[in-house]
Amino acid sequence: MIAFDKHCLSAVCLKQINKGQLKSMITMRTHSLFRQARMRANGFSLLELLVVISLIAVLMTVGSFGIKNFSKASGVSSGVPIAQGVFAQARALAIEKGTNTRVMMHCDNRTDSLNRERNLRYMVVQYLDTKDTEVTTDDEWVTASKGVKLPEGVFYSVSLSNRGDAPNTTQSSGNLPGGAVQNCRTYEFNSQGIITQPEPDGNDVPRFVIRAGSLAPGQTEPTAASGAGERNVGGFVIWRNGRTSVFRHPDQVFN
């Protein structure tokens, strides 16, 4: 039988125990470090939170101004095709019915509620009834549709539409939906779809211009926003054949 020295055995056991304890201590320490790292990763100090909140506030302030400008720009951008559609309808209706048609752009600065709502924003197409097809037998202008409005904050500009050598629109009055006689600026087409009012003069052709801005009661021209908003305009020319071409840049409107 092999004999073991009890002192040797105790030393070996103690060595094994020390190794186990050391390993356990290292494991616990490692877990503790990982836990602390995760806590630091998942949390923020008060200073960090204040910095983030400040940055968010600045970005929201800057963004709000950008959104307002974008909204106005979008209003002009969407208002131009709306107006083009009205002119296309008037030209097509003239050819279809073989009679004169006109686009009536509301320009009545009276301060009653109907005129305040429509002034420089409301458009309607009318045709001349010369064949006694309507209720009355007299030649008269008949409204062909309910009409449309330009987007909020977007208005027709008489001064920009008549700018430079462009033939000037004329003021006329007519019965528009709503039962009231209202003053308007008129664009008229003949039975062939050719624009006759305002009458083109060589290369000088009628214009239709809108701009973003504001319009106080009683005003006859919209007030443009200051700064870059002064050039927030759009529109088109109406060629002799009644077709339209859009201004591609504000410089074309102001030149």
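The values are calculated or read from the model by the stated rules, or taken from the named source; none is laboratory data. On a predicted model such as this, the values are computed, not experimentally measured, just so you know. Please note: Cβ atoms are built from the backbone with ideal geometry, for glycine as well, and neighbour counts cover all protein chains shown.
Structure above, values below:
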item: Residues of the range 223-255 classified as assigned to a strand (DSSP E or B), surrounded by 15 or more Cβ atoms within 10 Å (Cβ to Cβ), within 20 Å of the chain's Cα centre (by Cα) and of a type outside the set (A, V, I, L, M, F, W, C), total; result: 2
item: Number of positions in the range 202-217 that are assigned to a strand (DSSP E or B) and out of contact with any Asp or Glu (no Cβ under 8 Å at 6 or more places or on another chain); result: 8
item: Number of the exception - Thr186 against (1) surrounded by 14 or more Cβ atoms within 10 Å (Cβ to Cβ); (2) more than 22 Å from Ser78 (Cα to Cα); (3) among the hydroxyl-bearing types (Ser, Thr, Tyr); result: (2)
item: Filter result (at pLDDT below 95, farther than 24 Å from Gly235 by Cα and part of a loop (DSSP other than H, G, I, E, B)) within the range 161-192; result: Pro177, Gly178, Gly179
item: Pair list, Cβ under 7 Å, 6 or more apart: the range 131-153 residue part of a loop (DSSP other than H, G, I, E, B), other residue at pLDDT 60 or above and acidic (Asp, Glu); result: Asp139/Asp129
item: Residue list for the range 57-113, restricted to those being at pLDDT below 95, assigned to a helix (DSSP H, G or I) and among the polar types (S, T, N, Q); result: Thr61, Ser64, Asn69, Ser71, Ser74, Ser77, Ser78, Ser113
item: Positions within the range 76-127 being under 25 Å from the mean Cα position of the chain (by Cα) and at positive phi, in sequence order; result: Leu120
item: Test for Gly178: is it among the small types (Gly, Ala, Ser) and out of contact with any Ser or Thr (no Cβ under 6 Å at 6 or more places or on another chain); result: yes
